[in-house]
1. Name the residue, out of 172, 153, 183, 143, that is open to solvent by 50 Å² or more (accessible area, probe 1.4 Å), on the phi < 0 side of the Ramachandran plot, within 14 Å of the ligand (Cβ to nearest atom) and among the polar types (S, T, N, Q).
2. Is it true that some residue in the stretch 17-33 is within 16 Å of the chain's Cα centre (by Cα), more than 18 Å from residue 177 (Cα to Cα), of a type in the set (A, V, I, L, M) and more than 10 Å from the ligand (Cβ to nearest atom)?
3. Listed residues 88, 41, 31; which is open to solvent by 40 Å² or more (accessible area, probe 1.4 Å), at positive phi and either modelled with pLDDT of 95 or more or part of a helix (DSSP H, G or I) (or both)?
4. For residue 73, which of the numbered conditions (1) open to solvent by 50 Å² or more (accessible area, probe 1.4 Å); (2) charged (D, E, K, R); (3) part of a helix (DSSP H, G or I) fails to hold?
5. Which residues, counting only those in the stretch 91-115, are within 9 Å of the ligand (Cβ to nearest atom) and assigned to a loop (DSSP other than H, G, I, E, B)?
6. Output the number of residues of the stretch 45-85 satisfying the condition of being more than 15 Å from the ligand (Cβ to nearest atom) and modelled with pLDDT under 95.
7. Looking at 116, 104, 127, which is the one that is modelled with pLDDT of 95 or more and in contact with a Ser or Thr (Cβ under 9 Å, 6 or more places away or on another chain)?
8. Restricting to the stretch 146-175, what's the tally of residues that are farther than 14 Å from residue 109 by Cβ, modelled with pLDDT under 95 and in a helix (DSSP H, G or I)?
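The values are calculated or read from the model by the stated rules, or taken from the named source; none is laboratory data. These numbers were taken from a predicted model, which means no experiment stands behind them. Glycine also receives a Cβ, built like all others from the backbone with ideal geometry; neighbour counts cover every protein chain displayed. Heavy atoms of the whole protein, side chains included, go into the accessibility calculation; ligands, DNA and RNA do not. Shrake-Rupley method; radii C 1.70, N 1.55, O 1.52, S 1.80 Å.
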Amino acid sequence: MRGRLITFEGIDGCGKSTQLHLLAQRLQGLGFPVRCFREPGGTELSERIRALLLDAAYEIVAEAELLLFAAARAQLVRVQLQPALRRGEIVLCDRFADSTTAYQGYGRGLPLELVQACNRLATDGLQPDVTVLLELPVALALQRSGRGDRMEQGALEFFERVREGYLELARQEPERILVIDAQGSPEAVHERIWRELRARFGWE
Ligand code: TYD
């Protein structure tokens, strides 16, 4: 039996990591086999690429950034995600290819067809069964992530483009991408997500 791939997306500070863990706990409580990953990361190589990407010592040009995220993902998909799905596990992933479309494509302005080609190569065609898009105004998300007051105008505009990019993806693929209002307590947001997923997958 093939498992399920559920990805969590949204701008920085939208609360996706918290929501991923609440869902994991709930599914584990029901006895489902669950594996959690974060991107970039999840393999030794991908974690080293993550460290490079987050290292403030480098100014990484947009094209190099795209390829580094793609390299980290190519490794994760083949070494971890595909085998876990073949074992029938429920795989929860904190960010996946939609992050690259939203951040490197819409945010950084790289040509969308190139970004999509990189995504196809990196994912080996693997598509999430469902993507939970946590939707929140940029100002609120930045406040939550503790960066509200220090953000320059250019950065605010960047996050606006990323947010709009995600919403555009959701319009293009409404069956796959669930847009969830991320305002309110973590428990309230979790219940919104759970209601949708339970109905979709028939989980009890
Ligand atoms: P993440 O660890 O999810 O940070 P946060 O929890 O604060 O959202 O992601 C790190 C950063 O990397 C985040 O700013 C989004 C960015 N990112 C991309 O630009 N492209 C990608 O393909 C991925 C996976 C992440």
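1. Numbers: 172 fails: within 14 Å of the ligand (Cβ to nearest atom); 153 fails: within 14 Å of the ligand (Cβ to nearest atom); 183 fails: within 14 Å of the ligand (Cβ to nearest atom).
That would be 143, the only listed residue that is open to solvent by 50 Å² or more (accessible area, probe 1.4 Å), on the phi < 0 side of the Ramachandran plot, within 14 Å of the ligand (Cβ to nearest atom) and among the polar types (S, T, N, Q).
2. As a first pass, look at the stretch 17-33 and keep what is within 16 Å of the chain's Cα centre (by Cα): 17-24.
Those left that are additionally more than 18 Å from residue 177 (Cα to Cα): 18, 21-22, 24.
From what is left, the residues that are of a type in the set (A, V, I, L, M) are 22, 24.
Applying the additional criterion that residues be more than 10 Å from the ligand (Cβ to nearest atom) yields 22, 24.
Yes, some residue in the stretch 17-33 is within 16 Å of the chain's Cα centre (by Cα), more than 18 Å from residue 177 (Cα to Cα), of a type in the set (A, V, I, L, M) and more than 10 Å from the ligand (Cβ to nearest atom).
3. Values: 88 fails: open to solvent by 40 Å² or more (accessible area, probe 1.4 Å); 41 fails: open to solvent by 40 Å² or more (accessible area, probe 1.4 Å).
Checking each option against the conditions leaves just 31.
4. (1)
5. Result: 95, 96, 108.
6. Selection size over the stretch 45-85: 1.
7. On the way: 104 fails: in contact with a Ser or Thr (Cβ under 9 Å, 6 or more places away or on another chain); 127 fails: in contact with a Ser or Thr (Cβ under 9 Å, 6 or more places away or on another chain).
Testing whether each residue is modelled with pLDDT of 95 or more and in contact with a Ser or Thr (Cβ under 9 Å, 6 or more places away or on another chain) leaves just 116.
8. 3
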